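Just so it is clear, none of the values below were taken in a lab; they were calculated from the coordinates. Just so we're clear, the structure is a prediction, and the values are computed from it rather than from any experiment. Because the Cβ atoms are built from the backbone with ideal geometry, glycine has one as well, and the counts that use them run over all protein chains shown.
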Amino acid sequence: MKIDVIGDIHGCFAELQTLLSKLGYENQNGIPVHPEARKLSFVGDLTDRGPGSVNVIRCISAIIRAGAGYYSPGNHCDKLYRYLKGNDVHIVHGLETTVKELQQLDEKERREVRRQFMELYEQSPIYQVLDDGKLIVAHAGIKEKDIGRYTKRIKEFVLYGEVTGRTLENGLPERGDWARHYSGKPWIVYGHTPVLEPRMLNNTINIDTGAVFGGQLTAFRYPEKQTISVQSSLPFDSGRFREFPGLL
């Protein structure tokens, strides 16, 4: 099984198209198809902050409907889903950019994009178990003991990761380092926490290289265990990246 797992897109549609081309995918009736029959996988956080969230929704929705890839949601996907359901959510932390895009559509287009995203979210697993369990794709990661289980606690971890309960100077929650203690055999590919370079550790790899913060959009090629990245066109914001001393 050959999979290309793509990190947090966050509305960076142009970078997604560039990465797909660099990976060797060809557009066939709107669906990226690889000559070696590779499939795509997405770690979630498709939208928010970047300039092309609506186009990303349309693209990923079409890929999943065509059976050309896999998707599981991230915390931003979860929040957008709750917003589209009519729940009372705060339109902050990037959601405001997606809402603005939606508001600029005519009513028919807006209903269609809403339908596409709602269907995508509702029909997707909270994390992906691929290649007979040898590859796990989970937005913020997952602990070995929880693979194959689906509870509210596990969903919270997969969406938001491990948190320490402390707050950083920028107001964001301090995140734990579950990957440092992972000792399982399945490869776990995740994102959620922006890093300057893909972070590979203990059969895990974080491929959120902060495209929306001026970093890169990265793919992890499985089973080759290689990364391929493209540079973002957006301004670089160094304060958004987490450093893991000695491990990057």
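A compact table of results
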{"quantity": "Whole-Hz ³J(HN,Hα) from phi, Karplus 6.51 cos²θ - 1.76 cosθ + 1.60, for segment 133-148, glycine and proline x", "calculated": "x, 7, 10, 10, 10, 9, 3, 10, x, 7, 7, 4, 5, 9, 4, x"}
{"quantity": "Separation between Cα centres of segment 146-214 and segment 23-60, rounded to whole Å", "calculated": "22"}
{"quantity": "5 angstrom amide H check on L234, placed H, neighbours 5+ away", "calculated": "G214"}
{"quantity": "Out-of-range pairs (alpha-carbon distance over 28 Å; input K2/K145; K152/K225; K39/K143; K108/K155; K2/K143)", "calculated": "K152/K225; K108/K155"}
{"quantity": "Segment 118-185: trypsin sites (Lys or Arg not before Pro) in DSSP loop, at most 14 other beta carbons within 10 Å", "calculated": "K134, R149"}
{"quantity": "Net charge over other residues, Cβ less than 14 angstrom from the Cβ of H90 (K, R count +1; D, E count -1)", "calculated": "-2"}
{"quantity": "Distant alpha-carbon pairs in segment 135-237 (separation over 19 angstrom), percent", "calculated": "46"}
{"quantity": "Amide H partners (placed H, <5 Å) of S41, local residues excluded", "calculated": "D4, V5, I6, Y70"}
{"quantity": "Taking the chain and dividing mean pair separation by its residue count, relative contact order in percent (alpha carbons under 8 Å, at least six apart)", "calculated": "22"}
{"quantity": "Vicinal HN-Hα couplings computed from phi for segment 203-212 (Karplus, 6.51 cos²θ - 1.76 cosθ + 1.60; Hz; Gly/Pro x)", "calculated": "6, 10, 8, 8, 10, 7, 9, x, 4, 6"}
{"quantity": "Computed [θ] at 222 nm, deg cm²/dmol, the chain (DSSP H ≥ 4; -39,500 (n - 2.57); rounded to nearest 500)", "calculated": "-8500 deg cm²/dmol"}
{"quantity": "Environment charge at Y182 (Cβ cut-off 13 Å; Lys +1, Arg +1, Asp -1, Glu -1)", "calculated": "+1"}
{"quantity": "Environment charge at R111 (Cβ cut-off 15 Å; Lys +1, Arg +1, Asp -1, Glu -1)", "calculated": "0"}
{"quantity": "The chain - share of DSSP beta bridges that are antiparallel (%, nearest 5)", "calculated": "60"}
{"quantity": "Kyte-Doolittle mean at least -1.0, axial Cα span of 20 Å or more - DSSP H helices of the chain", "calculated": "none"}
{"quantity": "Amide proton proximity set for R199, modelled H, under 5 Å, gap of 5+", "calculated": "N206"}
{"quantity": "Beta bridges per DSSP with both ends in segment 10-154, % antiparallel, nearest 5", "calculated": "65"}
